[in-house]
Structure formats: C-alpha cells, structure tokens
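Taking it in order: structure first as structure tokens, then the write-up.
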Amino acid sequence: MSSFYLDTCSLKWRYLTGNPTGDVNSIVESTGNSVYTGELTILEWSSALADAVKERAISKAVFKTNELALFSDIAERRLRVFQTARVLERARSWIEYIGVVNLRHLKTNDAIHLSTALELSSQLRESVTFVTSDVKLHKTIDWCAVLRPNLIPHYLQP
C-alpha cells in the first residue's frame, strides 16, 4: 500500500481535463493507495472556482458540480482530508529554513501543504509521495535533503 499527498494544483486534474488527469485518477482510484490532501485544499479549490465564476470562465452550476465532485471523493474515502494542529507555526518555520536560510522558493500555501504532508508522514510512520503540478515546489522539495525519507516528490507536468 502506498500513501500519497496531493496538493491543490495536482488534485485539480481529478476534476478538470488536462495532461495529468489520467495520472491523478489512477492514484485516487487505486484500491492499493491511501490518498490524502490538506484542509487548505478545500479552501483553495473553492477560491479557484469562485475566481473562475467571477471571470465568467465557468457558470455557477459548474462551480457547484466541481465542488461536489471533490466532496464526493472525500465522502467516499477515495480522498482523505488530513487535519493537523499547529500547521501554520510549522509552515512559518519551513519558510524561514527554506526561504531565508537557504534562499529557495517556498510560498505560504506551499509551506502549509509541505507541513501537512510531513505531519502525515510522521503519523503514518512511512514515506509519503508528495504529488504536485507546481514545478518550483517540486524542485524545492526535491532539493531539500532533510525532507527525505519522509517525502518523495512526484511532479505532474500540466
């Protein structure tokens, strides 16, 4: 059994069409995988869809359909929302270590996803594959040796 953490930019391909859609679907739908995301994804997904409605790229009905698709995966336990305490404090520490000490790229929301995935790995007591479609975040995780063996970075090219 493999454990995966999908950040928002990779998970979106489950509900939209694009190059990595098949890869994300196979991760989520495999009965041999435990697939997680963080609480932040719920907020980011709704925010991204709301922006698309405001820009008139999608309708309110499409907004609701896409939101319900995510919540259906959660309800059916294909996707688990991992909740952790003190994630913002940990994220701030990673921003300092990666961004200030090592002068590498790490945005606020990425630091929250990173901290959540690390806590997941700790609680599961196993390595977790961190899936992202953000090339800069992937390079940062891949570069940061202190994150291994807890996180295995996996990049999905959009």
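The values are calculated or read from the model by the stated rules, or taken from the named source; none is laboratory data. Small disclaimer: the values here were computed from a predicted structure and weren't measured. Here the Cβ is made from the backbone with ideal geometry for all residues, glycine too, and neighbour counts use every protein chain on show. Quick note on the areas: whole protein, heavy atoms, side chains included, nothing else; ligands and nucleic acids left out. Shrake-Rupley method; radii C 1.70, N 1.55, O 1.52, S 1.80 Å.
Structure notes:
- Residue match in segment 91-113 (condition: closer than 16 Å to SER2 by Cβ, of a type outside the set (S, T, N, Q), modelled with pLDDT of 95 or more and over 13 Å from the mean Cα position of the chain (by Cα)): no
- Counting only helices (runs of 4 or more DSSP H) that fall entirely inside segment 1-66 and contain at least 3 residues that are at pLDDT 90 or above and open to solvent by 60 Å² or more (accessible area, probe 1.4 Å), the qualifying elements are 21-29, 39-54.
- Looking only at segment 27-38, residues that are without any contact (Cβ under 8 Å) to a residue 40 or more places away in the chain and within 16 Å of the chain's Cα centre (by Cα) come to 1 in all.
- Listed here are the helices (runs of 4 or more DSSP H) enclosed by segment 68-158 that have at least 2 residues being in contact with a Pro (Cβ under 9 Å, 6 or more places away or on another chain) and closer than 23 Å to LYS12 by Cα: 135-143.
- Residues in segment 4-22 that are of a type in the set (Val, Ile, Thr) and out of contact with any helix residue (DSSP H, G or I) (no Cβ under 7 Å at 6 or more places or on another chain): 1 in all.
- Residue within segment 96-112 that is open to solvent by 70 Å² or more (accessible area, probe 1.4 Å), without any contact (Cβ under 8 Å) to a residue 60 or more places away in the chain and within 30 Å of GLY22 (Cβ to Cβ) present: yes
- In this entry, TYR155 passes the filter for residues that are in contact with a helix residue (DSSP H, G or I) (Cβ under 7 Å, 6 or more places away or on another chain), open to solvent by 30 Å² or more (accessible area, probe 1.4 Å) and at pLDDT 95 or above.
- Some residue of segment 71-88 being open to solvent by 60 Å² or more (accessible area, probe 1.4 Å), modelled with pLDDT under 90, over 26 Å from LEU118 (Cβ atoms) and not basic (Lys, Arg): no
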